[in-house]
Amino acid sequence: MAFAIELIDIHKRFGTVYANRGVNLQIRKGSIHGIVGENGAGKSTLMSILYGYYAATSGTIMVDGREAHMRSSRDAIALGIGMVHQHFMLVESLTVLENILLGSEGGFWLKGGMEKLRARLADLGKTYGLEVDPDACVADIGVGQRQRVEILKALVRGAKVLILDEPTAVLTPTEADSLFDMLRVLRDEGKTIVLITHKLREIMHATDHVSVMRRGEMVAHFETASTSVEQLADAMVGRKVSLTVARAPAHEGRVLLEAHDLVVRDALGVARVDHVSLTVRAGEIVGIAGVAGNGQSQLLEAIAGMQRLASGRIVLDGQEIDTETSNPRKMRELGLMHVPEDRHRHGLVMSFEACESGILGFQHDEEYGRTLLDRAAVESGLARDMETYDIRPRDPRLTTHSFSGGNQQKIVLAREIERGPKVLLVGQPTRGVDIGAIEFIHKRIMALRDAGKAILLVSVELDEIMALSDRILVMCDGRITGERRPDQTNSRDLGLLMAGISDKAA
Amino acid sequence: MDFDAILIVAGSAVRLATPLLCACLAGLWSERSGIVDIGLEGKMLAAAFAGASAATATGSAMMGLGAGLGASLAMGLLHGYASIDRNGNQIVSGMAINMIAAGLTALVGAAWFGQGGRTPSLNGDARFSPLLFGLDGLTLVTILCAFFTWLFLYKSRFGLRLRAAGENPAALETAGVSVRRIRYAGVAMCGLLCGLGGTYLSVSQAAGFLPQMTAGKGFIALAALVFAKWKPIPALFTCLLFGALDAIAIRMQGISVPGIGAVPVQAIQALPYVMTVILLAGFVGRAIPPRASGIPYVKEN
């Protein structure tokens with residue numbers, strides 16, 4: 001059997017930390033091979049080694065059965081390896097054509113190379129259905145188009161092996177499907193595809209083989225057809241995990257949060273939230289689905305008092321909020337807590353000690369001292385949460401950034417939930433969080449709902465929205481494009497709403 | 001003002017714009033590659049001193065030019081080493097170069113020539129003389145440099161890579177091109193252009209070196225670079241505008257303005273600087289620098 005890529009005993013060390021440890025991997029020619037693993041399992045590092053971006057500490061890379069020595073991406077490109085990075089490697093101020101040309105210009109002056117490339121692109125566009133406007137500036141095109149540009153970059157350089165790192169993170173379900181269709185066409189043309197993802201459904205849907213990584217090691221290899229989502233999840237985490245959240249029937253009470261006709265404008269005056277109205281009842285989770293950047297963030301921030309409303313009213317537990325003067329502190333005092341979408345920017349101060357991060361927003365509380373901070377109270381507060389939320393390592397004095405993503409998120413959740421909110425706003429509760437912690441966080445949010453609190457959840461992960469919500473609102477381009485019950489919808493239906501193709505009656 | 005006077009002012013504007021344009025294009029090459037350089041001033045000063053010293057010693061203006069280019073290039077590469085290989089703070093490194101140049105030129109000048117830091121007066125072949133419309137070779141080369149900068153930046157492989165290095169170096173590296181090499185090329189171009197400007201100051205515009213003779217031109221060039229939004233042809237016109245302001249200010253010395261009377265000479269001398277501030281504050285609009293400029297590119301930690 002011919003292997004396009006063979007990795008033998010790859011080790012990679014950053015300082016004293018091993019990102020990859022004794023990794024062995026064989027990828028068959030003309031197949032789609034998935035690599036799954038939790039965040040920080042070492043998938044991206046491994047692929048960066050394969051692409052010559054990092055040098056392995058030790059180990060052997062075989063390409064087409066021959067040992068390869070890669071010192072830079074140039075060597076990988078010469079061996080026919082192409083990579084589409086999770087964060088696109090494009091220069092926004094340049095055109096599509098210039099971006100593809102970069103690095104393989106074919107002569108000192110650009111003119112000749114540009115003409116040839118233009119013809120080549122038209123050709124590839126026809127063969128693979130990869131059409132792009134070569135003269136558009138990359139800053140002006142959407143993420144789906146940008147991904148095409150990245151794939152074209154690899155194909156133009158003659159890639160036989162195409163590595164895609166978390167390619168669907170920024171795509172709608174429909175866009176993701178068309179990406180997978182395209183990958184199948186490429187495979188049938190004889191290309192080898194390596195697909196890195198943490199979304200198990202995609203693995204089952206799109207790949208022929210799958211390898212699982214955990215803590216820098218390759219722990220299992222499967223034929224996709226003979227495995228299951230559950231088996232993969234267990235291999236990723238190293239223990240039994242439950243992917244479904246136990247759900248008690250909802251006992252919805254009175255309306256705790258009402259928003260009427262909210263409008264939020266950005267600095268340029270564009271309406272990012274466009275006449276959005278919603279209500280959340282006690283004992284109910286309302287989920288807002290949508291592709292990132294369609295106004296969900298602004299909506300959440302506006303309700304939390306972080307952004308000014310251009311117009312609209314907010315009523316919290318029957319009390320009208322003065323939106324002109326509202327701010328997060330006042331909202332917290334009224335019982336509205338907020339787990340922000342981006343914990344690094346808004347939720348935590350990464351260079352603070354964990355216990356200091358653990359009181360952000362509540363530092364005025366008398367329990368932490370009147371004029372000077374009562375260190376003992378600050379530390380014991382987080383020490384208590386660390387027990388309840390299983391936050392590791394259990395040291396409140398460690399700096400915040402020395403905790404993993406999941407543990408950082410638990411610090412934020414504990415801070416907001418343990419103070420007994422009436423209404424909890426939660427943004428992307430499991431972004432960058434590993435499966436084990438996801439399970440815990442979901443249970444915690446569900447418990448809060450069962451305790452009769454109102455929860456407004458924003459997430460770009462459809463599975464999460466479907467698992468937790470009692471009601472789903474879909475946002476596209478600042479507007480609510482539809483409302484669904486989770487048991488009466490599916491990802492295709494929601495995907496259409498997310499793309500702004502509005503209700504044709506459910 | 002009659003026609004002759006206008007011609008005189010115009011000629012003087014171009015001459016005054018020359019060192020500014022050199023430094024502005026130098027800054028453009030460096031910042032477009034991703035390296036912020038506030039050491040333009042220091043490199044020009046070093047080149048002015050080296051150029052005048054070599055011209056004095058050899059009696060040849062061309063030898064002066066060679067020495068000026070060499071001195072400035074060396075300082076440029078020093079800044080490159082600090083910023084590219086050592087991932088140092090580019091502002092600190094640039095400031096260090098300014099201070100080293102200011103101190104070293106005065107000290108060495110005093111030791112070599114014993115004239116309080118000045119170099120002896122240059123004349124004859126030791127100084128560049130006018131070739132065309134009262135402009136010398138260095139000025140003409142500088143104006144050509146603006147066009148060549150445009151040509152190379154937008155039409156050549158090197159220019160494309162340089163622009164990518166300043167906007168998103170990781171994209172360049174994954175395309176298989178060494179960011180380090182491109183950035184070194186950028187700072188080397190920067191060094192050569194500063195060398196041209198500095199030599200012009202002491203071997204053409206003036207007949208010898210004076211301590212601190214750059215008088216902030218390196219910083220005005222940085223302002224001009226912002227005003228021109230990091231583009232070569234606008235840089236040419238911005239520098240000509242600044243040169244014209246300077247020329248008019250010189251022309252207006254001692255002239256009595258109706259209703260005000262004789263304007264104090266200091267006020268006139270301040271005019272170009274005041275105008276620079278007004279132009280920058282009022283007309284530049286949104287100037288977005290190359291996205292990655294000033295940020296060390298670290299590939300692996």
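The values are calculated or read from the model by the stated rules, or taken from the named source; none is laboratory data. From a predicted model like this one, the values you see are computed outputs, not experimental measurements. Please note: Cβ atoms are built from the backbone with ideal geometry, for glycine as well, and neighbour counts cover all protein chains shown.
Quick one: in the range B:34-75, of everything that is outside any helix (DSSP H, G or I) and under 17 Å from the mean Cα position of the chain (by Cα), which residue is nearest to B:ASN98 (Cα to Cα)?
B:GLY39
Quick grid of which residues meet (1) within 30 Å of A:LEU200 (Cβ to Cβ); (2) surrounded by 13 or more Cβ atoms within 10 Å (Cβ to Cβ); (3) free of Cβ contacts under 8 Å to residues at least 40 places away in the same chain:
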{"position": "A:MET218", "(1), (2), (3)": "yes, yes, no"}
{"position": "A:THR224", "(1), (2), (3)": "yes, yes, no"}
{"position": "A:MET236", "(1), (2), (3)": "yes, yes, no"}
{"position": "A:LYS240", "(1), (2), (3)": "yes, no, yes"}
{"position": "A:PRO249", "(1), (2), (3)": "yes, no, yes"}
{"position": "A:GLU252", "(1), (2), (3)": "no, yes, no"}
{"position": "A:VAL263", "(1), (2), (3)": "no, yes, no"}
{"position": "A:VAL270", "(1), (2), (3)": "no, no, yes"}
{"position": "A:VAL273", "(1), (2), (3)": "no, yes, no"}
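Of all residues in the range A:135-161 being outside any helix (DSSP H, G or I) and out of contact with any Ser or Thr (no Cβ under 7 Å at 6 or more places or on another chain), which is surrounded by the most Cβ atoms within 10 Å (Cβ to Cβ)? Spell out the reasoning first.
At the first step, the residues of the range A:135-161 found to be outside any helix (DSSP H, G or I) are A:135-137, A:141-142, A:157-161.
When the remaining residues are screened for being out of contact with any Ser or Thr (no Cβ under 7 Å at 6 or more places or on another chain), the result is A:141-142, A:158-159.
Numbers: A:ILE141: 18, A:GLY142: 13, A:GLY158: 12, A:ALA159: 22.
Filtering the range A:135-161 for residues that are outside any helix (DSSP H, G or I) and out of contact with any Ser or Thr (no Cβ under 7 Å at 6 or more places or on another chain), the one surrounded by the most Cβ atoms within 10 Å (Cβ to Cβ) comes out as A:ALA159.
In the set A:THR168, A:THR192, A:THR174, which member is free of Cβ contacts under 8 Å to residues at least 40 places away in the same chain and more than 14 Å from every other protein chain (Cβ to nearest Cβ)? Give the derivation first.
Working: A:THR192 fails: free of Cβ contacts under 8 Å to residues at least 40 places away in the same chain; A:THR174 fails: free of Cβ contacts under 8 Å to residues at least 40 places away in the same chain.
The conditions single out A:THR168.
Report whether or not B:LEU144 is away from every other protein chain (no Cβ under 14 Å), in contact with a strand residue (DSSP E or B) (Cβ under 9 Å, 6 or more places away or on another chain) and part of a helix (DSSP H, G or I).
no
Starting from residues that are of a type outside the set (Gly, Ala, Ser) and touching a Lys or Arg at 6+ places or on another chain (Cβ under 7 Å), keep the ones in the range B:200-210 and report whichever is farthest from the other protein chains (Cβ to nearest Cβ). Steps first, answer last, please.
Restricting attention to the range B:200-210, the residues satisfying the condition of being of a type outside the set (Gly, Ala, Ser) are B:200-201, B:203, B:205, B:209-210.
Going one step further and asking which of them are touching a Lys or Arg at 6+ places or on another chain (Cβ under 7 Å), we end up with B:203, B:205, B:209-210.
Working: B:VAL203: 33, B:GLN205: 35, B:PHE209: 38, B:LEU210: 41 Å.
So, considering only residues that are of a type outside the set (Gly, Ala, Ser) and touching a Lys or Arg at 6+ places or on another chain (Cβ under 7 Å), the one farthest from the other protein chains (Cβ to nearest Cβ) is B:LEU210.
Spot the failing condition for B:GLY197; the list is (1) within 14 Å of another protein chain (Cβ to nearest Cβ); (2) in contact with a Pro (Cβ under 8 Å, 6 or more places away or on another chain), and only one is missed.
Condition (1) is where B:GLY197 drops out.
All but one of (1) buried (at least 18 other Cβ atoms within 10 Å of the Cβ); (2) at pLDDT 90 or above; (3) within 11 Å of chain B (Cβ to nearest Cβ) hold for A:THR45; which doesn't?
(2)
Output the residues belonging to the range B:150-192 that are of a type in the set (Ser, Thr, Tyr) and either free of Cβ contacts under 8 Å to residues at least 60 places away in the same chain or within 11 Å of chain A (Cβ to nearest Cβ) (or both).
B:TYR154, B:SER156, B:THR174, B:SER178
Going through the range A:24-42 one residue at a time, which ones are under 13 Å from A:MET213 (Cβ atoms) and surrounded by fewer than 23 Cβ atoms within 10 Å (Cβ to Cβ)?
A:ASN24, A:LEU25, A:ASN39, A:GLY40
Of the conditions (1) touching a residue at least 60 places away in the same chain (Cβ under 8 Å); (2) under 20 Å from B:TYR297 (Cα atoms); (3) surrounded by fewer than 24 Cβ atoms within 10 Å (Cβ to Cβ); (4) among the hydroxyl-bearing types (Ser, Thr, Tyr), B:SER83 fails just one. Which one is it?
Tallying (1) touching a residue at least 60 places away in the same chain (Cβ under 8 Å); (2) under 20 Å from B:TYR297 (Cα atoms); (3) surrounded by fewer than 24 Cβ atoms within 10 Å (Cβ to Cβ); (4) among the hydroxyl-bearing types (Ser, Thr, Tyr), B:SER83 fails exactly one: (3).
Okay, residues lined up against (1) surrounded by fewer than 16 Cβ atoms within 10 Å (Cβ to Cβ); (2) among the aliphatic types (A, V, I, L, M); (3) farther than 28 Å from A:LEU299 by Cβ:
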position	(1), (2), (3)
A:ALA376	yes, yes, yes
A:THR388	yes, no, yes
A:PRO396	no, no, yes
A:SER404	no, no, yes
A:LEU425	no, yes, no
A:ALA437	no, yes, no
A:VAL458	no, yes, no
A:SER469	no, no, no
A:VAL474	no, yes, no
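How many residues does the range A:71-83 hold that are more than 9 Å from chain B (Cβ to nearest Cβ), surrounded by fewer than 24 Cβ atoms within 10 Å (Cβ to Cβ) and at pLDDT 90 or above?
Adding up the residues that qualify gives 2.
Counting just the residues of the range A:101-138 that are in contact with a helix residue (DSSP H, G or I) (Cβ under 9 Å, 6 or more places away or on another chain) and acidic (Asp, Glu), which one comes out nearest to the other protein chains (Cβ to nearest Cβ)?
A:GLU105
Are any residues in the range A:6-20 more than 11 Å from every other protein chain (Cβ to nearest Cβ) and farther than 14 Å from A:SER44 by Cβ, and if so, which ones?
A:GLU6, A:LEU7, A:ILE8, A:ASP9, A:HIS11, A:ARG13, A:THR16, A:TYR18, listed by residue number.
How many of the residues in the range A:85-100 are in contact with a Leu (Cβ under 7 Å, 6 or more places away or on another chain) and more than 7 Å from every other protein chain (Cβ to nearest Cβ)?
Residues meeting the conditions: 3.
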